[in-house]
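First the structure, in the form of structure tokens, and then the observations on it.
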Amino acid sequence: MHNFLKNVIAIFVCLSGMPFLIREWMCRHRVSILLYHDPKPTVFAKHIAYLSRHYTVISLDTFVAAIHQKDFSQIPPKSVVITMDDGHAGNIELLPLFKQYHVRPMLYVCTQIIDTHRHFWFKIDGQSKAEKERLKRLSNVERLTHLKNMAGFEPEKVYPDRQALNVTEMEDMMESVDFQPHTRFHPILPRCTETECNHEILESKADLEKLLGIECFHFSYPNGDYTEREIEIVKASGFRSARTTDIGWNTLDTPLYRLKAIPITDDAGLTRFRSELTTIPHRLGRWVNSLVWRK
Ligand SMILES: [Zn+2]
């Protein structure tokens, strides 16, 4: 949907009073897992100030432990978990805000891109959104062949500029942030062969455990794409949870390898942010997309 239209929808959602109603009614006994990528500190500062007034921010570990123990007594009403995908270099600038608000976000990182000058395949200059969506539907080999032919992109190619966090930054952040894997190179897992899929999931766990000297128990599927095969591999690899991009809130009954999320637009103003917390724009967007694809 066009940005202008999204802002109009956000204004209507906020004027309708839905942010208040959904927060007080739906979110009271449900956990919202927010999904960011690379928000600027000026934008994120407004979001976190709003969250700290109206919600309680908890860590993903706390929430997953509650589901494991089938005990929600330690989960405050209107709890929110903050997650960020990929490991973008800009995330380091948010550290002062994490400290100021005493929150512990979960950063899911691509373990062969962090601490290198390799690039994310979806951040190639001049790539349109439609082109990216088309690439996501190709097999892993076809996608990589196309990227190499069209843009000279290779997963292990080293570029002059750095797109991801480096190990020094991550070590500085570890006091306030949890890091867990998001595969090695961000392939679309259901488009990978079983060998590729196994490798991306298992080796990303090994990579991050070695790099940071931590244990990894939580995973997030690149682009939120998964099938039963990915769930089985993630489970067999020793993970305790996996976050999807399926829209919605989480309860004690949410399957641990299919945790739901609420994607937040990285540059959302406060009206747009409050509207996205209701999930109404996402549901509308998916409905519109389903109509377009049916044609
Ligand atoms: Zn991602």
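Would you mind counting up the charge near Arg30? Only other residues with Cβ under 10 Å from its Cβ, with Lys and Arg at +1 and Asp and Glu at -1.
Taking every other residue near Arg30 into account, the sum is +3.
Once phi is turned into ³J(HN,Hα) by the Karplus curve 6.51 cos²θ - 1.76 cosθ + 1.60 with θ = phi - 60°, what whole-Hz value does each residue of the stretch 46-54 show in order, with x for glycine and proline?
In residue order, the calculated couplings are 5, 5, 5, 5, 5, 4, 5, 7, 10 Hz.
Looking at the chain, send over the antiparallel percent of its DSSP beta bridges, to the nearest 5.
Restricted to the chain, the bridges split so that about 10 percent are antiparallel.
Beta carbons within 10 angstrom, averaged per residue: use that to sort the peptides 141-152, 92-103, highest first.
Top to bottom by mean Cβ count within 10 Å: 92-103, 141-152.
Where is the GNM fluctuation largest for the chain (alpha-carbon springs, 10 angstrom cutoff): Gly17, Gly87, Gly238?
Checking each option, the largest mean-square fluctuation is seen for Gly17.
Would you grab the residues whose amide H sits under 5 Å from the one on Leu107? Only those 5+ places off in sequence or on another chain, please, with H modelled 1.01 Å from N.
It is Met84, Asp178, Phe179, Gln180, by chain and number.
For a quick protection proxy, order the peptides 203-212, 244-253, 128-137 by their average other-Cβ count within 10 Å, most packed first.
The packing order, highest mean first, is 203-212, 244-253, 128-137.
No other cysteine beta carbon under 4.7 Å away is the test; run it over the chain and list who passes.
Result for the chain is Cys14, Cys27, Cys110, Cys216, no neighbouring Cys Cβ within the cutoff.
Report the local net charge at Asp246: Lys and Arg +1, Asp and Glu -1, summed over other residues whose C-beta lies under 11 Å from its C-beta.
+3
Would you mind calculating the gained length between Ile214 and Leu252 on full extension (0.36 nm times residue separation, minus the Cα-Cα distance), in nm to one decimal?
11.0 nm
If you take every residue apart from Asn149 with its C-beta less than 15 Å away from the C-beta of Asn149, what net charge results, scoring Lys and Arg +1 and Asp and Glu -1?
That sum, taken over residues with Cβ under 15 Å, equals +1.
If neighbour count is taken as other Cβ atoms inside 10 Å, put Glu230, Glu156, Glu24 in order from fewest to most.
Fewest-to-most ranking of Glu230, Glu156, Glu24: Glu156, Glu24, Glu230.
Every number here is computed from the coordinates shown, using simple stated rules; none is lab data. Everything quoted here is computed from the prediction, not taken from an experiment. Backbone-built Cβ (ideal geometry, glycine too); neighbour counts: all protein chains shown.
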